[in-house]
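The values are calculated or read from the model by the stated rules, or taken from the named source; none is laboratory data. Source: prediction; values computed, not measured. Please note: Cβ atoms are built from the backbone with ideal geometry, for glycine as well, and neighbour counts cover all protein chains shown. All accessible areas refer to the heavy atoms of the entire protein, side chains included, with ligands and DNA or RNA removed. Shrake-Rupley method; radii C 1.70, N 1.55, O 1.52, S 1.80 Å.
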Amino acid sequence: MNVQQHERIARIKQLSHYLYLCLTGIYYLLQVLCPLAVIFALVSIGGKFTFMGVVSINNTELFFLQRLIIAIVMIIIFFLILKLTHHFRELIRHFANGDIFNKKAIEHARKALMNGLVIYGVYLSGMFAGWVYTFIKYPSILISINGGFIVGFIFFGLMYVLLWALEIGCDINEESELTI
């Protein structure tokens, strides 16, 4: 093996280890903060809920059933975020160990990507619901469309290309082990 490639692999493993530690901290922080956010959404007296940066609803105007619906949506989103963080963390752990092209790493990458797509779908649905709500409640307000959803499509397209590259690398790795 080329010495330069060996040094680069060592740097990738070291950077992956640091990223794994950061993701572990984020994962445990999310496990504490997510339930607190749901509790505050249910029992808080003051404050506002802001959707899509446009629609703001005072917390005092909401009935308990509306708060419960918001809390259920928050629980679903937080659950998906925790699953995404877990699978991404496990994928990076495989990278830190040098086990990049194996079935378990690819499975974690696939699950992280799927959870990310579901979160993005919830985001797009919420954005559409915010537009409909704004149009119904304030018909004179112009609804603007940002290009964030296009960036999301490009991002997930690139992530699928990387997933396919991992799968091809895993197949090549298995074939090389069989020939040895």
*Please find, within the range 66-120, the residue that is modelled with the lowest pLDDT out of those that are assigned to a helix (DSSP H, G or I) and in contact with a Gly (Cβ under 7 Å, 6 or more places away or on another chain).*
Tyr120
*Boolean, Val122 is among the hydrophobic types (A, V, I, L, M, F, W, C), open to solvent by 60 Å² or more (accessible area, probe 1.4 Å) and out of contact with any strand residue (DSSP E or B) (no Cβ under 7 Å at 6 or more places or on another chain)*: no
_Tally up the residues in the range 83-112 that are open to solvent by less than 40 Å² (accessible area, probe 1.4 Å) and within 30 Å of Val38 (Cβ to Cβ), please._
9
_First in the range 155-180 and at negative phi, second anywhere and part of a loop (DSSP other than H, G, I, E, B) and aromatic (Phe, Trp, Tyr), Cβ under 8 Å, 6 or more apart_ = Leu166/Phe101; Gly169/Phe101; Cys170/Phe101; Ile172/Phe101; Asn173/Phe101
_Can you confirm whether Phe135 is in contact with a helix residue (DSSP H, G or I) (Cβ under 9 Å, 6 or more places away or on another chain) and either surrounded by 10 or more Cβ atoms within 10 Å (Cβ to Cβ) or at pLDDT 85 or above (or both)?_
no
*asked:* I'd like the full set of residues that are assigned to a loop (DSSP other than H, G, I, E, B) and open to solvent by less than 70 Å² (accessible area, probe 1.4 Å), limited to the range 144-179.
replied: Gly147
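Rundown of residues vs (1) out of contact with any Gly (no Cβ under 8 Å at 6 or more places or on another chain); (2) more than 23 Å from Val132 (Cα to Cα); (3) modelled with pLDDT of 80 or more; (4) open to solvent by 70 Å² or more (accessible area, probe 1.4 Å), yes/no style:
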{"site": "His6", "(1), (2), (3), (4)": "yes, yes, no, yes"}
{"site": "Tyr20", "(1), (2), (3), (4)": "yes, yes, yes, no"}
{"site": "Tyr27", "(1), (2), (3), (4)": "yes, yes, yes, no"}
{"site": "Val38", "(1), (2), (3), (4)": "yes, yes, yes, no"}
{"site": "Leu42", "(1), (2), (3), (4)": "yes, yes, no, no"}
{"site": "Lys48", "(1), (2), (3), (4)": "yes, no, no, yes"}
{"site": "Val54", "(1), (2), (3), (4)": "no, no, no, yes"}
